[in-house]
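Since the structure comes first, as structure tokens, the remarks are kept for the end.
The values are calculated or read from the model by the stated rules, or taken from the named source; none is laboratory data. This structure is a prediction, so every number in the text was calculated from the model and none was measured. Positions of Cβ are generated from backbone atoms using ideal geometry, with glycine treated the same way; all protein chains shown enter the neighbour counts. The protein model used for the area step is the full one, side chains on, heavy atoms only, and it has no ligands, DNA or RNA in it. Shrake-Rupley method; radii C 1.70, N 1.55, O 1.52, S 1.80 Å.
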Amino acid sequence: MSGLLSNAISGLQASQNALRTAGNNIANANTDGYSRQNVSFGTRPAQSAGSAGYLGNGVTTESIARVVDDFVSTQLRLDIANFNQLDSYNQNLSKIDSLLANSSTGLSGGMELFFSALQSAADDPAATPSRQLVVDQAEGLAVRFNSLYDRFASIESAIDGEISTLTGQVSSLANSIAELNKAIIEKQGASGGEPNDLLDKRDSALNQLSQLVAVNVVKQDSGQLNVYIGNGQPLVVGQDATQLSSDGNGRILFSSTGGETDITEQISGGKLGGLLSFSDDVLAPAKNELGRVALVLAGEMNRLQGEGLNLDGDYGEPLFNPINSASAMAGRVTPLGASGGNFTAEITDTSLLTASDYTLRVADPGGDYAVVRESDGELVASGVAVPASPATIDFDGISLEVTSAISNGESYRINPTTTAARDIQAIMDDPRGLALAAPVRTEANPNNAGSGVISAGNVLRDPDVTSTAVGPGPTTPVVVEFISPSEYRFLDELGAELDPGVTYPYSPGDPIYPEYAALPGDRTYEINIQGNPATGDTFTVSFNTDATSDNRTGLKMAALVAAETVEGGLSINGAYNKLVEQVGAKSNLARMNTDAARSVLEQTQSLRDSISGVNLDEEAANLIKFEQAYNANSQVISIARQVFDTLLNAF
């Protein structure tokens, strides 16, 4: 009798547990992160019935456990981290894409107006209104450079602030996971069963953490979870959590007993990974490329200004602020850590500049130095020892001047182009100062008997010819006289030989370098003569004293829009257009990758929900099934009572 009643009571308890679990599943059907729970039953130890065998002794509830798939949970965290990285990257990239491509905020419109104004001024070099338009458009273009840099700086500042916020959230979630590890162990020790709700909370915290950074989760035998980030940095170990922080400049610091370690380069995945990828792959290169365009524009325009003549007949002054001011050269070098050395970085050739930063490291011990271009890791300069001050290290159109002693183990970052778009300014106010004319004037003697034709003359950018010969003073003409159809010499305007007894071979079209002053200042120039001069023919090279209507330098300025003055065979306009195209292509690819990652995440989430989510139809069926089991066990109890009553009535 007692066995029958005991079996029925155990069945009632088991059915009641199952009904309660099903009810809890239904109640939490819409709870985020909830994993449906399942009741597992087992038979209780049987009771011996002698030689007849064993009688069943009822049922017991063995476990109430979550229905989860660890592989799917791990994959879900990976997909969450991947999607959030791509989404964060895409959102920020779209800002840069909009800035550069928009005609009202980008450079394209400003450069078009500036070079159009230059062409108009070259067409009528004596007209003050067209000159004034060039001055105005130069100022407008410089302001566009400044505005773009300011927008980039604003985005960079926002990213640095967001990184600081996210590192704080990572630390907070790490603390929560460590506390949940502790609570789970305590609950398991008290009851021996798994605290399902706490396990769900821990999984939810891990998913939230994966939104911020990619994590690697390792389960201990005790049931606690260890969480690692980066290249194996332990964020959570059992009940202990490590803190992340930011230095406010986009660098992520990992705190440990040994102090703080910079792990920025090791972080990937999640929103943090997306912000760091955007900063390294898009924002920094865009700032550098924008700065390179600014440096080339200012450097080339100022060079041509220095080669040309203004309306007053003087060599021109810079249109833009000089690219190698003392503050600019000093600001291009930043020590990495403690240092005693001092450098300045001079831009010596804007056509060789790359849109990259550089790192200079001095070996310890030994003192050997190496300069590495960060964009591709290429070694661009090295030496057996850092040159003693003063000395120079030259690479990629840059000259580093060592101005004080350097110690072994020191490192420096060279940023030749990063802030150039911020620093560029149009400094010319007087339109008469535009140097649109060329300083060289040439003419052939009208009495020449041969067919020789002399070029207009060209000021050299990088003079290869130097001379110590003593010639006429500034503005004194130089005469090229042919003593035969294949030989010439240099005379002064009075017919005296400038270099007695020295003659030069003639070949039609070859450059001729008069090694004597025909121009004020240290200007080197070249001419060439085509055709077949006759013996006695003369050609005169002189300073252009009446240059009001001369536009030769102005035409060179206008031609800069298409001239290959940027490293890689690009023009100023072409370099900017390439930047716009690269950012646009990255933006399109980022959108596609984000959409693909979203789709993958949704599939994985659906798979997780199909395994761990609550199915209301299934739970309704379970309610009916366990209700019937409960009623059946109640009926067994009723029968046991009737049997017991019959037994009592028999006495």
Could you grab the relative contact order for the chain? Cα pairs under 8 Å, six or more apart, rounded to a whole percent. 18 percent
Specify the inter-centroid distance of the range 570-627 and the range 215-244, based on alpha-carbon positions, in whole Å. 27 Å
How much of the accessible area of the chain, probe 1.4 Å, is carbon plus sulfur, in whole percent? 49 percent
Where the only charges are on Cβ atoms (+1 Lys, Arg; -1 Asp, Glu), what is the dipole of the range 539-619 about its Cα centre, to the nearest 20 debye? 580 debye
Calculate the radius of gyration of the Cα atoms of the range 55-184 to one decimal place, then report Dmax, the largest Cα-Cα distance, as a whole number, both in Å. 30.4, 119
Estimated dipole of the range 159-293 in Debye, rounded to 20 [Cβ of Lys and Arg +1, of Asp and Glu -1, Cα centre]: 80 debye
The range 9-114, relative contact order in percent, only Cα pairs under 8 angstrom and at least six apart counted: 21 percent
Skipping prolines and chain starts, which residues have an amide H placed within reach, meaning under 5 Å, of the one on Val440, given they are 5 or more residues away or on another chain? Asn544
Among Tyr369, Thr348, Ile323, whose Cα sits farthest toward the positive end of the charge dipole of the chain (+1 at Cβ of Lys/Arg, -1 at Cβ of Asp/Glu, about the Cα centre)? Tyr369
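Considering only protein heavy atoms, what per residue accessible area in square angstrom results for the chain with a 1.4 angstrom probe?
Working: 30800 Å² over 651 residues.
In whole numbers, the chain has 47 Å² accessible per residue.
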Based on the inverse mean of 1/r over its pairs of different Cα atoms, what is the Kirkwood hydrodynamic radius of the chain, in Å? 32.2 Å
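Given +1 on the Cβ of Lys and Arg, -1 on the Cβ of Asp and Glu, and no further charges, what dipole in debye does the chain carry about its Cα centre, rounded to the nearest 20?
Charge dipole of the chain: 3420 debye, to the nearest 20.
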State which entries of Lys187/Lys219; Lys187/Lys271; Lys95/Lys201; Lys556/Lys586 exceed 28 angstrom in Cα-Cα distance in the structure shown. Lys187/Lys271; Lys95/Lys201; Lys556/Lys586
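Per DSSP H run of n ≥ 4, the term is -39500 (n - 2.57); total these for the chain, divide by its residue number, and report the mean residue ellipticity at 222 nm rounded to 500 deg cm²/dmol.
One gets -15000 deg cm²/dmol as the mean residue ellipticity at 222 nm.
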Quick one: check the C-alpha center-to-center distance for the range 111-157 versus the range 20-65, whole angstrom. 81 Å
Counting pairs of alpha carbon atoms under 8 Å apart in space and at least six apart in sequence, what relative contact order in percent does the range 512-651 give? 9 percent
Lys/Arg Cβ at +1, Asp/Glu Cβ at -1, dipole of the range 1-103 taken about the Cα centre: which of Leu12, Leu55, Gln37 is farthest positive-ward? Leu55
Cα extents of the range 297-412 along the three principal axes, largest first, in whole Å? 59, 29, 22
Please name which of Tyr525, Tyr506, Val600 has its Cα lying farthest along the dipole of the range 480-623 towards the positive end, using unit charges on Cβ (Lys, Arg +1; Asp, Glu -1) and the Cα centre as origin. Val600
Using Stokes-Einstein with the Kirkwood hydrodynamic radius over Cα pairs, what translational diffusion coefficient do you get for the range 2-48 at 4 °C and a viscosity of 1.567 mPa s, in µm²/s rounded to a whole number? 103 µm²/s
